[in-house]
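First up is the structure itself, then whatever we jot down about it.
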Protein chains: 2
Amino acid sequence: MEVFPGKILIVDDEPDIVEFISYNLKNKGYLIAAAKDGVEAIRKAKDFRPDLILLDIMMPNKDGMETIRELRNMHEFDDTVIIFLTALNDEKYEIEGLKIGADDYISKPIKPELLATRIGSALRRFRKDDEQEQKQIFGDLEINKTKFTVSYKGQEILLAKKEFELLSLLASKPGRVFLRNEILQRVWGTDVIVGDRTIDVHIRKIRQKAGIDLITTVKGVGYKFEMA
Amino acid sequence: MEVFPGKILIVDDEPDIVEFISYNLKNKGYLIAAAKDGVEAIRKAKDFRPDLILLDIMMPNKDGMETIRELRNMHEFDDTVIIFLTALNDEKYEIEGLKIGADDYISKPIKPELLATRIGSALRRFRKDDEQEQKQIFGDLEINKTKFTVSYKGQEILLAKKEFELLSLLASKPGRVFLRNEILQRVWGTDVIVGDRTIDVHIRKIRQKAGIDLITTVKGVGYKFEMA
DNA sequence: ACTTATCTTAACAATTCCGTAATACGGCGT
DNA sequence: ACGCCGTATTACGGAATTGTTAAGATAAGT
């Protein structure tokens, strides 16, 4: 009888709270990772790929709001549920947080039962189910995020990580043009600074490996995914 | 020819109760092991590989709930039946325990007849019985969880325990990428901390022993099981 | 206690990936 | 046609990740 409800990243600067939450969620069978501030949170999120992030609002070194904004900018976390933790009834943050992309909030002090319930329902609501694999299909092209593969007419195309992420972003909204700027922020993150030509090079590699032209250049604007 | 009914691990901090249960179950032909707390329980479970664990909820040094969670996180015990023992009508724990992966519960004080009945039916209900071995087959490859063996084209491949567990985890969802992080937690457990290269070394050994490449590296992400 | 197998670590090698820079190409306006 | 601007292409070196090996530590078997 296998039970594997999901992976959760806890972000709070107070070790006691992390410990407390961690203990309670481990008992429910979740896999847990923890971070003490926003910067570490983003690093660990990339590594751990949690299904859900529990994020404290008040933190040193990049606060909760800023962290949510940044995560939500990164395509990589489009399907990650974010729940933030506020001091009791701090409505200002509550509304604000939900606006910028959090899915729910929980007020401190934290009651274990409530916490588990909210997390459970949030995961159910957003269907973060480990069983079913996440894939997108466009005609003969298939992008499978669970297996990290792309295939065209059954033939597998081997992409490197950045290439995969880039294609995956563009394909998330077929036909829509992504600005170079947007691509940079969503694939590379806000902090990382890379030159403009870097995108071209990755696009080039995708085109080359794929054989067919999946990506259309919109000069002066950006790129879009489009099947031939 | 007598049917071998199974191996049971009893976990309780009160020696009298252990003795009492043990006596009754031995009479039914079960093989018995015992542990006095959660920590010892996990150690002995790894060793003894019980078909069923009888677990007291109230214990020092890692309580029953925490122990269940830990066992359930470890891929190794996916097929072990867990029954926990509560004080009479402690509904809170009953519901809780079932949610996090226990298969049944029994209230104290324990009546020998009831105990035997429940254990018998739990084993019948959940156990993939000894006759029918549990195995996964992929083309020419066969992974047998009952016999702890792997064979390729009828030829047996001898893997050590960690190697087997690692392969077994990856093969549980063919094609799916497992992050290094996740592998660590699910094969080694939540507490244990081992270096990153450890995984590589085990992967190496599996590849070496198997001869064929069963495992594909996804650079920067993790590993996946995939037949050539 | 001795022997053997298994697990982990550490150091080094090999590989792959990524970003940059240099250059080529192509459209567009003048 | 020429220059300008933005993109395409290519090759290279550093960085990051994984592969490999051997040796020490731990556990298991006799």
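How about the stretch A:179-203: which of its residues are of a type in the set (S, T, Y) and at pLDDT below 90? Residue satisfying the conditions is A:T190 alone. Of all residues in the stretch B:160-179 being within 13 Å of DNA strand C (Cβ to nearest atom) and surrounded by fewer than 16 Cβ atoms within 10 Å (Cβ to Cβ), which is farthest from A:K46 (Cα to Cα)? Ranking the qualifying residues of the stretch B:160-179, first place goes to B:A160. Within the stretch A:59-89, the residues that satisfy the criterion of being assigned to a helix (DSSP H, G or I) and under 8 Å from the mean Cα position of the chain (by Cα) are A:L71, A:R72, A:H75, A:E76, A:F77. Set side by side, the residues A:V218, A:V201, A:V187, A:V192 differ, and just one is within 13 Å of DNA strand D (Cβ to nearest atom), within 20 Å of the chain's Cα centre (by Cα) and outside the structural domain of A:D78 (by TED's automatic domain parsing), which is A:V192. Only residues that are polar (S, T, N, Q), within 14 Å of chain B (Cβ to nearest Cβ) and part of a strand (DSSP E or B) were counted across the stretch A:139-194, and they come to 3.
For the stretch B:195-221, filtered to residues that are aliphatic (A, V, I, L, M) and outside any helix (DSSP H, G or I), the residue that is surrounded by the most Cβ atoms within 10 Å (Cβ to Cβ) is B:L214.
The values are calculated or read from the model by the stated rules, or taken from the named source; none is laboratory data. Because the structure is a prediction, the values reported are computed rather than measured. For neighbour counting, all protein chains shown are included, and Cβ atoms are generated from backbone atoms with ideal geometry for every residue, glycine included.
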